[in-house]
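Heads up, the thing below is written out as structure tokens.
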Amino acid sequence: QLQACGGGLVQAGGSLRLSCAASGRTSSSYAMGWLRQAPGKEREFVAAISRNGGTTAYGDSVKGRFTISRHNAKNTMYLQMNSLKPEDTAVYFCAAAVATMFYTVRRNSDYDYWGQGTQVTVSS
């Protein structure tokens, strides 16, 4: 089970930190990631991290502004979002996938487990 939190309302240029807590099997068993969905749009890849945290990947729209990390001992994944823009407004979902140790997962369909989502709203 995945539980995402940390969303909220922030002004453009501001920052937020999302967290995703995993229960059940230890999170180190899974590659993890963040995806987002804005109203009327398809779910979009944001960032992914490998099981051991050594490999990361980012969507083009967030490169240089967002940082994904994980703390396996705490079964928690994070997304630090800086320099937020109104177009970052969306529901952010955390997800987990069965994968090899160094692999990052980018496609929605490759994720096996999903959290409930947390709303991020960036005002201009």
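Here the chain is assigned +1 on the Cβ of each Lys and Arg and -1 on the Cβ of each Asp and Glu. Its dipole about the Cα centre then comes out at about 240 debye. Straight-line reach from Lys85: taking Cα to Cα under 19 Å and skipping same-chain neighbours fewer than 8 places apart, the lysines in range are Lys41, Lys63.
Quick check for you: with a 1.4 Å probe and neighbouring chains kept, what is the accessible area per residue of segment 1-107, in Å²?
On the way: 5280 Å² over 107 residues.
That works out to 49 Å² for each residue.
Ligands, DNA and RNA left out, the 1.4 Å accessible surface of the chain is 49% carbon and sulfur atoms.
A simple spin-label model places the labels of Thr26 and Asp110 2.4 nm from each other, with each point 7 Å out along Cα-to-Cβ.
In this structure, Glu87 and Asn52 have a Cβ-Cβ separation that, at R0 = 30 Å, corresponds to a calculated FRET efficiency of about 0.40. The Cys residues in the chain with no partner Cys Cβ within less than 4.7 Å of their Cβ are Cys5.
The values are calculated or read from the model by the stated rules, or taken from the named source; none is laboratory data. As the structure is a computational prediction, the values presented were derived from the model and not from experiment. Note: ideal-geometry Cβ built from the backbone for every residue, glycine included; neighbour counts use all protein chains shown. Accessible surface areas use protein heavy atoms only, side chains included; no ligands, DNA or RNA. Shrake-Rupley method; radii C 1.70, N 1.55, O 1.52, S 1.80 Å.
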